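Below is one structure; the comments refer to it alone.
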Amino acid sequence: MNIQLLFPLIILLLFIPILLSSRRQKRQMQEMQRLQGSLSDGDVVMTTSGLRATVVDSSYEDTIDLEIAPGVVTTWVRAAVREKVNPTDESAAGAEDSTPAIEASTDHAAADARPDQATKLGDGVEAPANDSTAGRGSA
């Protein structure tokens with residue numbers, strides 16, 4: 001086969017993934033802009049830094065006021081909002097997930113892995129097993 005025919009085919013095969021990924025990235029960017037533009041007061045959001053907050057004021061074009069704790073309101077750039085969190089879905093999922101975690105923590109194998117009894121040191125001195133300040137020299 002002639003190399004002059006293979007060269008355009010190879011170039012075409014290299015550019016197809018680039019074109020497809022740029023279309024996907026453009027679509028994701030449009031969805032993110034749509035989400036950030038549709039925020040309204042009372043929405044629970046997650047920022048790009050992982051902070052969960054409630055929208056207090058969304059009347060500004062470029063910024064948004066988020067309540068991060070009761071009575072603590074901060075101003076953020078709209079682009080910092082990563083996703084809208086639905087509190088009803090998360091609380092239901094959290095309630096379902098918490099029960100198995102509690103049952104798993106009462107497993108006897110887990111209790112054997114971390115004994116709560118004191119360990120004997122030399123000269124008859126006992127040291128507590130879970131004391132985080134042991135050996136630090138603080139009184």
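Derivation of every value follows stated rules applied to the coordinates shown; laboratory data play no part. Keep in mind it's a predicted model, so treat the numbers as computed, not measured. All Cβ positions, even for glycine, are placed from backbone atoms using ideal geometry, and neighbour counts span all protein chains on display.
A few points about this structure:
- Using R0 = 35 Å, the C-beta based FRET efficiency linking MET32 and LEU9 works out to 0.45.
- Residue-span extension gain [ARG23 to ASP41] - 0.36 nm each, minus C-alpha spacing: 3.3 nm
- For the peptides 25-36, 8-19, the ranking by packing is 25-36, 8-19, with the highest mean count of neighbouring Cβ atoms within 10 Å listed first.
- When you count the other C-beta atoms within 10 angstrom of each residue and take the mean per peptide, 44-50, 67-73 line up highest first as 44-50, 67-73.
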